[in-house]
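Chemist: Here you go, one structure.
The values are calculated or read from the model by the stated rules, or taken from the named source; none is laboratory data. Since this is a predicted model, take the numbers as computed values, not measurements. Cβ placement follows ideal geometry from the backbone for every residue including glycine, while neighbour counts extend to all protein chains displayed.
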Amino acid sequence: MTAPASGLWQRLANDRWVVGCGALLAALTVLALVGPALSPYSLETPDWRAMALPPTTQDAHWFGTDRLGRDLWLRTWHGTRISLLIGLLATAVSMLIGVTWGAIAGYVGGRVDALMMRFVDVLYSLPYVFFVIVLTVLFGRNLILIFLAIGAVGWLTMARIVRGQTLALRRRPFIEAAIAMGVPTWRIVARHVVPNVAGPVIVYATLTIPQMILFESFLSFLGLGVQEPLASLGNLIAAGAAEMEIAPWMLIVPAGVLVLLLGCCNFVGDGLRDALDPGSNR
(Lines give C-alpha, C1' and ligand atoms only; values in the text may rest on other atoms or scores of the structure.)
Protein backbone atom coordinates (compact mmCIF):
# COMPACT_ATOMS: atom_id res chain seq x y z
CA MET A 1 0.00 0.00 0.00
CA THR A 2 1.41 3.43 -0.94
CA ALA A 3 2.07 6.10 1.65
CA PRO A 4 -0.83 8.40 0.57
CA ALA A 5 -3.27 5.49 0.59
CA SER A 6 -1.98 4.39 4.00
CA GLY A 7 -2.48 7.91 5.36
CA LEU A 8 -6.00 8.04 3.92
CA TRP A 9 -7.04 4.80 5.61
CA GLN A 10 -5.42 5.93 8.86
CA ARG A 11 -7.41 9.17 8.87
CA LEU A 12 -10.61 7.25 8.12
CA ALA A 13 -9.88 4.71 10.88
CA ASN A 14 -9.37 7.53 13.41
CA ASP A 15 -12.88 8.88 12.79
CA ARG A 16 -15.21 6.80 14.96
CA TRP A 17 -18.33 8.14 13.26
CA VAL A 18 -17.05 7.05 9.86
CA VAL A 19 -16.02 3.62 11.14
CA GLY A 20 -19.36 3.09 12.88
CA CYS A 21 -21.44 4.31 9.95
CA GLY A 22 -19.32 2.30 7.53
CA ALA A 23 -19.90 -0.85 9.57
CA LEU A 24 -23.64 -0.16 9.77
CA LEU A 25 -23.78 0.55 6.02
CA ALA A 26 -21.98 -2.74 5.35
CA ALA A 27 -24.46 -4.55 7.61
CA LEU A 28 -27.43 -3.00 5.79
CA THR A 29 -25.91 -4.00 2.45
CA VAL A 30 -25.38 -7.59 3.61
CA LEU A 31 -28.96 -7.76 4.89
CA ALA A 32 -30.21 -6.40 1.57
CA LEU A 33 -28.33 -9.19 -0.21
CA VAL A 34 -29.04 -12.16 2.06
CA GLY A 35 -32.03 -10.98 4.14
CA PRO A 36 -34.71 -12.07 1.65
CA ALA A 37 -33.21 -15.57 1.53
CA LEU A 38 -33.68 -15.90 5.31
CA SER A 39 -37.44 -15.58 4.97
CA PRO A 40 -39.52 -18.69 4.22
CA TYR A 41 -41.96 -16.59 2.18
CA SER A 42 -41.93 -15.31 -1.40
CA LEU A 43 -42.22 -11.74 -2.58
CA GLU A 44 -45.63 -12.06 -4.22
CA THR A 45 -47.32 -14.84 -2.22
CA PRO A 46 -49.23 -13.51 0.82
CA ASP A 47 -49.79 -15.30 4.12
CA TRP A 48 -53.57 -15.17 4.39
CA ARG A 49 -53.39 -16.26 8.04
CA ALA A 50 -51.39 -13.17 9.09
CA MET A 51 -52.76 -10.03 7.42
CA ALA A 52 -51.59 -6.73 8.99
CA LEU A 53 -49.68 -8.65 11.68
CA PRO A 54 -47.38 -6.54 13.95
CA PRO A 55 -43.67 -7.46 14.20
CA THR A 56 -43.44 -10.84 15.90
CA THR A 57 -41.50 -14.09 15.88
CA GLN A 58 -44.73 -15.89 15.04
CA ASP A 59 -44.39 -17.69 11.70
CA ALA A 60 -41.10 -15.83 11.06
CA HIS A 61 -42.78 -12.45 10.46
CA TRP A 62 -39.97 -10.48 12.17
CA PHE A 63 -41.05 -7.10 10.72
CA GLY A 64 -44.74 -7.99 10.61
CA THR A 65 -46.90 -8.15 7.48
CA ASP A 66 -48.82 -5.68 5.34
CA ARG A 67 -52.57 -5.60 4.86
CA LEU A 68 -52.33 -8.30 2.18
CA GLY A 69 -50.35 -10.62 4.43
CA ARG A 70 -47.01 -10.14 2.64
CA ASP A 71 -43.92 -10.45 4.83
CA LEU A 72 -42.33 -7.05 5.57
CA TRP A 73 -38.90 -8.51 6.42
CA LEU A 74 -38.69 -9.94 2.92
CA ARG A 75 -40.13 -6.87 1.19
CA THR A 76 -38.05 -4.37 3.18
CA TRP A 77 -34.69 -5.99 2.39
CA HIS A 78 -35.72 -6.66 -1.20
CA GLY A 79 -36.68 -2.98 -1.48
CA THR A 80 -33.37 -1.94 0.09
CA ARG A 81 -31.54 -4.06 -2.48
CA ILE A 82 -33.36 -2.37 -5.37
CA SER A 83 -32.87 1.12 -3.90
CA LEU A 84 -29.13 0.47 -3.44
CA LEU A 85 -28.83 -0.95 -6.94
CA ILE A 86 -30.58 2.00 -8.54
CA GLY A 87 -28.54 4.44 -6.42
CA LEU A 88 -25.22 2.86 -7.43
CA LEU A 89 -26.07 2.47 -11.12
CA ALA A 90 -27.53 5.97 -11.39
CA THR A 91 -24.42 7.39 -9.71
CA ALA A 92 -22.23 5.49 -12.18
CA VAL A 93 -24.22 6.92 -15.09
CA SER A 94 -23.99 10.46 -13.69
CA MET A 95 -20.24 10.09 -13.11
CA LEU A 96 -19.63 8.83 -16.65
CA ILE A 97 -21.60 11.63 -18.29
CA GLY A 98 -20.54 14.38 -15.86
CA VAL A 99 -16.81 13.62 -15.89
CA THR A 100 -16.71 13.32 -19.69
CA TRP A 101 -18.76 16.48 -20.24
CA GLY A 102 -16.93 18.59 -17.67
CA ALA A 103 -13.44 17.46 -18.72
CA ILE A 104 -14.07 18.20 -22.39
CA ALA A 105 -15.68 21.57 -21.69
CA GLY A 106 -12.93 22.67 -19.30
CA TYR A 107 -10.06 21.49 -21.49
CA VAL A 108 -11.29 22.74 -24.88
CA GLY A 109 -12.58 26.05 -23.50
CA GLY A 110 -13.75 28.94 -25.63
CA ARG A 111 -17.05 28.73 -27.46
CA VAL A 112 -17.27 24.97 -26.98
CA ASP A 113 -17.06 25.42 -23.21
CA ALA A 114 -19.64 28.22 -23.30
CA LEU A 115 -22.12 26.18 -25.38
CA MET A 116 -21.69 23.02 -23.30
CA MET A 117 -22.16 24.82 -20.00
CA ARG A 118 -25.18 26.79 -21.29
CA PHE A 119 -26.73 23.42 -22.13
CA VAL A 120 -26.11 22.38 -18.52
CA ASP A 121 -27.78 25.59 -17.33
CA VAL A 122 -30.83 24.85 -19.48
CA LEU A 123 -31.13 21.37 -18.00
CA TYR A 124 -30.78 22.84 -14.51
CA SER A 125 -33.87 24.95 -15.18
CA LEU A 126 -36.02 21.87 -15.89
CA PRO A 127 -37.70 20.18 -12.92
CA TYR A 128 -36.25 16.70 -12.40
CA VAL A 129 -39.66 15.15 -11.76
CA PHE A 130 -41.06 16.60 -15.00
CA PHE A 131 -38.11 15.16 -16.92
CA VAL A 132 -38.61 11.68 -15.44
CA ILE A 133 -42.38 11.84 -16.05
CA VAL A 134 -41.76 12.58 -19.74
CA LEU A 135 -39.36 9.64 -20.00
CA THR A 136 -41.74 7.22 -18.28
CA VAL A 137 -44.62 8.32 -20.51
CA LEU A 138 -42.52 7.88 -23.66
CA PHE A 139 -40.72 4.64 -22.79
CA GLY A 140 -42.76 3.01 -20.02
CA ARG A 141 -41.74 2.06 -16.50
CA ASN A 142 -38.91 -0.36 -15.82
CA LEU A 143 -35.83 -0.52 -13.62
CA ILE A 144 -33.37 0.19 -16.43
CA LEU A 145 -35.24 3.34 -17.45
CA ILE A 146 -35.44 4.50 -13.82
CA PHE A 147 -31.71 4.41 -13.14
CA LEU A 148 -30.91 5.85 -16.58
CA ALA A 149 -33.39 8.69 -16.04
CA ILE A 150 -32.11 9.47 -12.56
CA GLY A 151 -28.48 9.27 -13.66
CA ALA A 152 -29.15 11.37 -16.73
CA VAL A 153 -30.34 14.30 -14.61
CA GLY A 154 -27.84 13.76 -11.79
CA TRP A 155 -24.68 14.54 -13.77
CA LEU A 156 -25.06 18.31 -13.95
CA THR A 157 -23.29 19.19 -10.71
CA MET A 158 -20.60 16.62 -11.45
CA ALA A 159 -19.95 18.30 -14.81
CA ARG A 160 -19.53 21.70 -13.16
CA ILE A 161 -17.13 20.33 -10.54
CA VAL A 162 -14.98 18.55 -13.13
CA ARG A 163 -15.00 21.57 -15.43
CA GLY A 164 -13.69 23.82 -12.64
CA GLN A 165 -10.94 21.36 -11.77
CA THR A 166 -10.02 20.97 -15.44
CA LEU A 167 -9.74 24.74 -15.97
CA ALA A 168 -7.16 24.83 -13.16
CA LEU A 169 -5.27 21.81 -14.57
CA ARG A 170 -5.26 23.29 -18.08
CA ARG A 171 -2.58 25.79 -17.03
CA ARG A 172 -0.32 23.23 -15.33
CA PRO A 173 3.15 22.67 -16.86
CA PHE A 174 2.64 18.94 -17.52
CA ILE A 175 -0.46 19.68 -19.61
CA GLU A 176 1.36 22.35 -21.59
CA ALA A 177 4.27 19.94 -22.11
CA ALA A 178 1.90 17.27 -23.45
CA ILE A 179 0.37 19.82 -25.84
CA ALA A 180 3.83 20.88 -27.03
CA MET A 181 4.73 17.23 -27.68
CA GLY A 182 1.70 16.89 -29.94
CA VAL A 183 -0.26 14.47 -27.72
CA PRO A 184 -3.85 14.17 -29.04
CA THR A 185 -6.54 16.00 -27.10
CA TRP A 186 -8.48 12.86 -26.23
CA ARG A 187 -5.36 11.25 -24.76
CA ILE A 188 -4.53 14.33 -22.66
CA VAL A 189 -8.06 14.34 -21.28
CA ALA A 190 -8.10 10.59 -20.60
CA ARG A 191 -4.57 10.15 -19.22
CA HIS A 192 -3.80 13.50 -17.58
CA VAL A 193 -6.99 15.40 -16.81
CA VAL A 194 -9.38 12.69 -15.61
CA PRO A 195 -6.92 10.94 -13.22
CA ASN A 196 -6.07 14.29 -11.61
CA VAL A 197 -9.71 15.10 -10.86
CA ALA A 198 -10.41 11.64 -9.45
CA GLY A 199 -10.25 12.80 -5.81
CA PRO A 200 -13.10 15.34 -5.97
CA VAL A 201 -15.07 13.00 -8.25
CA ILE A 202 -14.87 10.11 -5.76
CA VAL A 203 -15.91 12.35 -2.87
CA TYR A 204 -18.86 13.77 -4.77
CA ALA A 205 -19.85 10.29 -5.96
CA THR A 206 -20.10 9.05 -2.36
CA LEU A 207 -22.40 11.98 -1.60
CA THR A 208 -24.37 11.43 -4.82
CA ILE A 209 -25.38 7.85 -3.93
CA PRO A 210 -27.72 8.89 -1.07
CA GLN A 211 -29.17 11.64 -3.28
CA MET A 212 -29.99 9.06 -5.96
CA ILE A 213 -31.49 6.66 -3.41
CA LEU A 214 -33.63 9.46 -2.01
CA PHE A 215 -34.72 10.56 -5.49
CA GLU A 216 -35.67 7.00 -6.43
CA SER A 217 -37.61 6.64 -3.17
CA PHE A 218 -39.41 9.91 -3.87
CA LEU A 219 -40.38 8.77 -7.38
CA SER A 220 -41.57 5.40 -6.09
CA PHE A 221 -43.53 7.16 -3.33
CA LEU A 222 -45.31 9.14 -6.05
CA GLY A 223 -45.96 5.98 -8.05
CA LEU A 224 -43.51 6.91 -10.84
CA GLY A 225 -40.71 4.55 -9.86
CA VAL A 226 -40.59 0.88 -8.94
CA GLN A 227 -43.96 -0.79 -9.45
CA GLU A 228 -45.70 -3.70 -7.73
CA PRO A 229 -45.11 -6.56 -7.24
CA LEU A 230 -41.50 -5.37 -6.90
CA ALA A 231 -40.68 -3.48 -3.73
CA SER A 232 -38.51 -0.45 -3.09
CA LEU A 233 -38.21 1.64 0.04
CA GLY A 234 -40.21 4.39 -1.65
CA ASN A 235 -43.31 2.39 -2.50
CA LEU A 236 -43.14 0.57 0.85
CA ILE A 237 -43.21 3.95 2.61
CA ALA A 238 -46.11 5.04 0.41
CA ALA A 239 -48.05 1.90 1.32
CA GLY A 240 -47.17 2.37 4.99
CA ALA A 241 -48.31 6.00 4.97
CA ALA A 242 -51.74 4.88 3.76
CA GLU A 243 -52.03 2.39 6.64
CA MET A 244 -50.15 4.26 9.37
CA GLU A 245 -53.17 4.71 11.65
CA ILE A 246 -53.97 1.01 11.90
CA ALA A 247 -50.56 -0.53 11.08
CA PRO A 248 -47.80 1.97 11.98
CA TRP A 249 -45.03 -0.63 11.60
CA MET A 250 -45.67 -0.66 7.86
CA LEU A 251 -44.35 2.92 7.75
CA ILE A 252 -41.81 2.79 10.59
CA VAL A 253 -39.84 -0.20 9.28
CA PRO A 254 -39.03 0.96 5.70
CA ALA A 255 -38.71 4.60 6.75
CA GLY A 256 -36.26 3.61 9.51
CA VAL A 257 -34.15 1.59 7.08
CA LEU A 258 -34.13 4.50 4.60
CA VAL A 259 -33.05 6.98 7.29
CA LEU A 260 -30.23 4.68 8.43
CA LEU A 261 -29.11 4.09 4.86
CA LEU A 262 -29.03 7.77 3.90
CA GLY A 263 -27.43 8.84 7.19
CA CYS A 264 -24.64 6.28 6.93
CA CYS A 265 -23.92 7.15 3.28
CA ASN A 266 -23.71 10.86 4.11
CA PHE A 267 -21.45 10.32 7.13
CA VAL A 268 -19.10 8.09 5.14
CA GLY A 269 -19.04 10.59 2.28
CA ASP A 270 -18.24 13.50 4.62
CA GLY A 271 -15.51 11.44 6.30
CA LEU A 272 -13.96 10.54 2.97
CA ARG A 273 -14.01 14.19 1.91
CA ASP A 274 -12.24 15.24 5.12
CA ALA A 275 -9.71 12.41 4.78
CA LEU A 276 -8.83 13.35 1.20
CA ASP A 277 -8.58 17.03 2.13
CA PRO A 278 -7.56 17.25 5.82
CA GLY A 279 -7.61 21.05 5.70
CA SER A 280 -11.23 21.23 4.54
CA ASN A 281 -12.67 20.83 8.06
CA ARG A 282 -10.52 23.39 9.70
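Chemist: If MET158 satisfies all but one of (1) of a type in the set (A, V, I, L, M); (2) in a helix (DSSP H, G or I); (3) modelled with pLDDT of 80 or more; (4) over 15 Å from the mean Cα position of the chain (by Cα), what's the number of the condition it fails?
Modeler: (4)
Chemist: Scanning segment 176-213 for residues that are of a type in the set (Val, Ile, Thr) and over 18 Å from the mean Cα position of the chain (by Cα), which turns out farthest from LEU96 (Cα to Cα)? Full working, then the answer.
Modeler: Residues of segment 176-213 that are of a type in the set (Val, Ile, Thr), as a first pass: 179, 183, 185, 188-189, 193-194, 197, 201-203, 206, 208-209, 213.
Cutting the leftovers down to over 18 Å from the mean Cα position of the chain (by Cα) gives us 179, 183, 185, 188-189, 193-194, 197.
On the way: ILE179: 25, VAL183: 23, THR185: 18, ILE188: 17, VAL189: 14, VAL193: 14, VAL194: 11, VAL197: 13 Å.
Here the residue is ILE179.
Chemist: Something else: Can you list the helices (runs of 4 or more DSSP H) lying wholly within segment 178-282 that have 1 or more residues being touching a residue at least 24 places away in the same chain (Cβ under 8 Å) and more than 30 Å from LEU145 (Cβ to Cβ)?
Modeler: Working: elements: 185-188, 198-222, 233-242, 249-276.
Once the helices (runs of 4 or more DSSP H) in segment 178-282 are filtered for at least 1 residues that are touching a residue at least 24 places away in the same chain (Cβ under 8 Å) and more than 30 Å from LEU145 (Cβ to Cβ), what remains is 185-188, 198-222, 249-276.
Chemist: Now a separate question. Which residues, counting only those in segment 172-195, are surrounded by 17 or more Cβ atoms within 10 Å (Cβ to Cβ) and under 30 Å from CYS264 (Cα atoms)? Write out each step before concluding.
Modeler: Here is the first cut: in segment 172-195, the ones surrounded by 17 or more Cβ atoms within 10 Å (Cβ to Cβ) are 175, 178, 188-189, 192-194.
Of everything in segment 172-195, just one residue is surrounded by 17 or more Cβ atoms within 10 Å (Cβ to Cβ) and under 30 Å from CYS264 (Cα atoms), namely VAL194.
For every residue, the table says whether it meets (1) within 30 Å of THR206 (Cβ to Cβ); (2) in contact (Cβ under 8 Å) with a residue 40 or more places away in the chain; (3) in contact with a helix residue (DSSP H, G or I) (Cβ under 6 Å, 6 or more places away or on another chain).
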residue: ARG49; (1), (2), (3): no, no, no
residue: ARG67; (1), (2), (3): no, yes, no
residue: ARG70; (1), (2), (3): no, no, no
residue: MET95; (1), (2), (3): yes, yes, yes
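Chemist: Which one of ALA27, ALA37 is assigned to a helix (DSSP H, G or I), under 20 Å from the mean Cα position of the chain (by Cα) and free of Cβ contacts under 8 Å to residues at least 40 places away in the same chain? Break it down into steps so the answer makes sense when it comes.
Modeler: Details: ALA37 fails: under 20 Å from the mean Cα position of the chain (by Cα).
Matching residue, one of ALA27, ALA37: ALA27.
Chemist: Moving to a separate point now. Cβ-Cβ below 8 Å, separation at least six or inter-chain, first residue in segment 104-132 and at negative phi, second among the basic types (Lys, Arg) and assigned to a helix (DSSP H, G or I): which pairs?
Modeler: ALA105/ARG163; GLY106/ARG163; ASP113/ARG163; MET117/ARG160; MET117/ARG163; VAL120/ARG160
Results for (1) exposed (fewer than 13 other Cβ atoms within 10 Å of the Cβ); (2) hydroxyl-bearing (Ser, Thr, Tyr); (3) modelled with pLDDT of 80 or more; (4) touching a Pro at 6+ places or on another chain (Cβ under 8 Å), shown as yes or no for each residue.
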position	(1), (2), (3), (4)
LEU8	no, no, no, no
ALA13	yes, no, no, no
ALA52	no, no, no, no
HIS78	no, no, yes, yes
LEU85	no, no, yes, no
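Chemist: Quick one: would you say ASP71 is within 20 Å of ALA239 (Cβ to Cβ), touching a strand residue (DSSP E or B) at 6+ places or on another chain (Cβ under 9 Å) and of a type in the set (D, E, K, R)? Quick ask: steps written out before the conclusion?
Modeler: Details: within 20 Å of ALA239 (Cβ to Cβ): yes; touching a strand residue (DSSP E or B) at 6+ places or on another chain (Cβ under 9 Å): yes; of a type in the set (D, E, K, R): yes.
When the stated conditions are applied, ASP71 passes them.
Chemist: If I ask for residues that are buried (at least 16 other Cβ atoms within 10 Å of the Cβ) and at pLDDT 75 or above, which ones from segment 127-144 would you list?
Modeler: Listed by number, the list is empty, since nothing qualifies.
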